[in-house]
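First up is the structure itself, then whatever we jot down about it.
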Amino acid sequence: MALKDGATEIDMVQSVGAFLSGDYETVCDEIQQMKETCGEHKLKVILETGCLKTAANIKTASILAMYAGADYIKTSTGKLEPAATPEAAYVMCQAIKEYYDETGIQIGFKPAGGLNSVMDALIYYTIVKEVLGEKWLTNQWFRMGTSRLANMLLSEVTGKEVKFF
């Protein structure tokens, strides 16, 4: 329905329950089905990294999502704590790099939830730059999920409080 209404990108949450129970087939099948529905439109798969708990789980979830058809992998919905963390972002970016080196397919990255300051933005920017390189530092491959931060940046640039978002 979203695509019929004009959406050009779709977000979905990877099935955390299926993943944590070891049902990787269901996890991949759901992503593949959604990607088939999306066709050429971008599919962002949200991992909910805070629920995954370990770096090993975050890496495995990242790899499964990419191989199943994700165009982007995203840290979290921002609705659960912890949401995005630099540690999760680093692991996800390492997985993206390994996937790219193995397949030649570039996958986008989006940290979301808990980005509340300019310093947070700089941390995620630095992780992407150092792990993935300059090629990812475009709005096509790297996005940050935070409207609060946009307002803070606009306020800092204009010198007065801005509540655009």
ask   = What does the accessible area per residue of the chain come to in Å², with a 1.4 Å probe and no ligands, DNA or RNA counted?
value = 54 Å²
ask   = In whole Hz, what ³J(HN,Hα) sequence does the stretch 147-157 give by Karplus (6.51, -1.76, 1.60; θ = phi - 60°), x for Gly and Pro?
value = 7, 4, 5, 4, 4, 5, 5, 4, 5, 5, 5
request  = Please list, in chain and number order, the residues 5+ apart from K42 or on another chain whose amide H is under 5 Å from its amide H, with Hs placed from the backbone.
outcome  = I10
key: Note, ³J(HN,Hα) from phi for the stretch 112-118, Karplus 6.51, -1.76, 1.60, rounded to Hz, x at Gly and Pro   = 8, x, x, 8, 10, 8, 4
Angle in degrees between helix 86-103 and the longest Cα principal axis of the chain, rounded to the nearest 10 = 50 degrees
ask   = Using a simple spin-label model with points 7 Å from Cα along the Cα→Cβ vector, what separation in nm is obtained for E25 and E156?
value = 4.9 nm
inquiry  = Under 10 °C and 1.306 mPa s, how fast does the chain diffuse according to Stokes-Einstein, given a Kirkwood radius computed over C-alpha pairs? Answer in µm²/s, whole number.
reply    = 98 µm²/s
query = Normalised by the number of residues in the chain, what is the relative contact order in percent for Cα pairs under 8 Å and 6+ residues apart?
reply = 17 percent
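The values are calculated or read from the model by the stated rules, or taken from the named source; none is laboratory data. Quick caveat, the model's predicted, so the values are computed rather than measured. Glycine also receives a Cβ, built like all others from the backbone with ideal geometry; neighbour counts cover every protein chain displayed. Keep in mind that these areas ignore ligands, DNA and RNA; they rest on the heavy atoms of the full protein, side chains included. Shrake-Rupley method; radii C 1.70, N 1.55, O 1.52, S 1.80 Å.
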